1. Would you be able to tell me the number of residues in the stretch 80-123 that are open to solvent by 60 Å² or more (accessible area, probe 1.4 Å) and in a helix (DSSP H, G or I)?
2. Of the conditions (1) open to solvent by less than 30 Å² (accessible area, probe 1.4 Å); (2) at pLDDT below 90, Gly175 fails just one. Which one is it?
3. I'd like to know if the stretch 54-69 contains one or more residues that are modelled with pLDDT of 80 or more and surrounded by 13 or more Cβ atoms within 10 Å (Cβ to Cβ).
4. Against the condition over 42 Å from the mean Cα position of the chain (by Cα) and touching a residue at least 24 places away in the same chain (Cβ under 8 Å), how does Pro161 come out, does it pass?
5. Pairs please, first residue from the stretch 537-549 and free of Cβ contacts under 8 Å to residues at least 40 places away in the same chain, second anywhere and surrounded by fewer than 11 Cβ atoms within 10 Å (Cβ to Cβ), Cβ atoms under 6 Å, 6+ apart in sequence or on different chains.
6. What number goes with the only condition from (1) touching a Gly at 6+ places or on another chain (Cβ under 8 Å); (2) not in a helix (DSSP H, G or I) that Lys595 does not pass?
7. Looking at the stretch 129-155, which of its residues are open to solvent by less than 80 Å² (accessible area, probe 1.4 Å), farther than 13 Å from Asn89 by Cα and hydroxyl-bearing (Ser, Thr, Tyr)?
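The values are calculated or read from the model by the stated rules, or taken from the named source; none is laboratory data. None of the values given here were measured: they were computed from a predicted structure. Neighbour counts run over all protein chains shown; Cβ positions are idealised from the backbone, glycine included. Side chains are part of the model used for accessible areas, which takes the heavy atoms of the whole protein and leaves out ligands, DNA and RNA. Shrake-Rupley method; radii C 1.70, N 1.55, O 1.52, S 1.80 Å.
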Amino acid sequence: MTLISYLRVVYRNLPWIILFPVITAALVILLTRNIKREYATSSTLYTGVASGYNLASPMEARMDYFSVNNAFDNMIAIIKSREAVQEVNLRLMAQHLIMRAPDPSILGKLAFENRKEVFPDSLIKTCQIIGDKEKVYDYLLPMIMKDSNNVVKDIISGDHPYYSVMGFNHQLTVGRKGNSDMIEMIFKSEDPAVSKMALDILTSVFIYQYRNIKGDETSSVAQYFEEQLKEAKSKLDEAENKLKDFMVENRIINYYEQSKYVAETKENIDIEINQENMKLQAAKSALATLEGRMGQKADILKNNKQLLHLRDEISRLRVKLTRTEIYGTEMDVADSLRNQIHRLESEYKDLALKFYNNSYTLESTPQTDLLRSWLDKVLEVSEVEGRLKIYQERKLDFNKQYDQFAPWGSTLARLEREVAVSEEQYLSVLHGLNQAKLQKQNLKYANNLTVVDHAYMPLQPEKSKRMVLVLLAFAGTLFIILGYLAAKEFFDNSIKTPKRAIQQSGMPLLGALPYFPPKPGAVDVQSVLHSMIEQCLSNLILETGSEEGAKLVLISSALEREGKTWFAGKLQERLNSINRKTLILIPETEKEPDKSVVKGDYYRYPVSATFIDTQNLDELGIDPETLKRYDFIFMELPEQASYPNPIKLISSADLCLRVVNSGRVWSASDANQVTIFNKANPQKHFLVLNAVPVDALEELVGTIPRKRSRLRMFVHNYLSQNLSPSKLKSF
């Protein structure tokens, strides 16, 4: 389908294309003659969601646009929620039901009169007796909570413009103003006072519900964290008490410092023991040398009971002094011990000198000096042994402490780890609680929704949409009709054009004849017919050759009334005009031809049961001498769908033509019949397309002759990219 063909279809159906949209528009005008005017008012709320300052603002450097959009979506959903709208419906009902006379600031006269059509008189009287709108609201609220149906519940569930949830939401428009922090609400109704009051109530209800929802969110979160904080605090206290009891029980002040001190002290004691052992060995070695030099006198001195007693006492006191110095007792005790030791050492030396009678040794060394040296070493050995004993005792004490501190370390680490885990959990919950309280406080400041523009009383109704509805109805109907014509033309599977006939049948085309409409209009159909007959004549003479003798042309068709006789009559008329005598053979199965169609000679031949075996025209009862007087013999064959084909005649005929009506579909049966016909081996088999729409013949005859205005001529030439001969230029 080309654009020109579609425009031609539109042109042919132009009266209907104009009539139906006009009828639809007139019907819309009729139905909207009593359309009600609406009064619209608006209210604007500042939310501060995107740019408002709050407690969290200093911590949020980047704006989350997704969260902002989500917040606005939540607000719009709350505004249009059933609970919010239902409360507005009930409050409007309560305000209107207590009225005894119309009030332009609450409910106009017309809406007041229509109130009786919505509410029963009994409900109106009951509410008027109550008198207070808040009490009436409390009276109506339980009705919608009941499971059974009642008047109020039915009205709210219905479609009333402002007393029902569905109708209210249909009249309400809510949206964000551009990219601002504003929410704009627009409400329309038949009464200006209702529009204003509905928005005022809706604004109050929304602010109250939004604050409650946000407050409940943060309160529940804070309550959860408070409960978790109590549990975490209890666990932390329990862990700390275990640690405290363990340290008190084992007298631990600072385990790590104490263990460090024990290790360092033990190491120092080991060093001291090593040093004292070295001193002891040196003193014993020196003492042995001195005793060797003294001889038997040393044995006498060592065996003296008084000296032994004094030495043991001195050793005992030195051990006590060493223990006192190591464990850090009072200085007075240490000084007293030192004085006693010094006194006993003097007695010990004096007593030893008394028992020593000889003045000189064998080496002539003074005996007094040797004795004093011996006494010093004896006392030194005693002193070192005393200190070494104390250090050994001290080392044993530290070994016991080591045995205690070793298990204490792992136990203390486990207890401290429990305290650390509990403390971390406590601090985490505490942080969450602080955040929840911060968010709660933040919402307390951030949820202060502010009404920027209060709803106003509209003075003028909205512009009527009646003209828009009329235009939409006209345009919609026009579009539907144009679409229907385009679809009909696109899905039309009929042969229709010579090009499609050749593609679908696969046969060569001899020619095509136009369809004669009852009212041809501006189209010169006769001129088109004359042109096509001339083409058919030229092709006929070319295909049958120039040899002398009668040319037999068989004209067949698949069905009846395809136009075989009409086509043969037109060719006969044209051939007779050029002195080519023509005879038409018509089967008796068809009715007598119209004289206006067949104006020349014709003969009606019988179709017998042996028609399929017919070998020549003599068998049909035609005198051979008569046939010699004609140049062309057009023999119409009965429709192939009902009668057999004369096989011998088909193979001997000079030309075979198949006439097909362009208004039908080329089916599989047509293809099958062509295949059967071709099995008879015709010399030439051509297709003739009959009853073709005149415009479809443009591909054969060029521009269709018709009366055209200059505008139509321009459009035609532009769309077809064709120029008339007068417009062509020679180069």
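1. 10
2. With (1) open to solvent by less than 30 Å² (accessible area, probe 1.4 Å); (2) at pLDDT below 90 applied to Gly175, the lone miss is (2).
3. yes
4. Details: over 42 Å from the mean Cα position of the chain (by Cα): no; touching a residue at least 24 places away in the same chain (Cβ under 8 Å): yes.
In short, no.
5. The qualifying pairs do not exist here.
6. (1)
7. Scanning the stretch 129-155 gives a single hit, Ser148.
To keep it simple, each residue is scored yes or no on (1) in a helix (DSSP H, G or I); (2) under 30 Å from His530 (Cβ atoms).
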| site | (1), (2) |
| --- | --- |
| Ala641 | no, no |
| Ile676 | yes, no |
| Pro682 | no, yes |
| Phe686 | no, yes |
| Asn690 | no, yes |
| Ala696 | yes, yes |
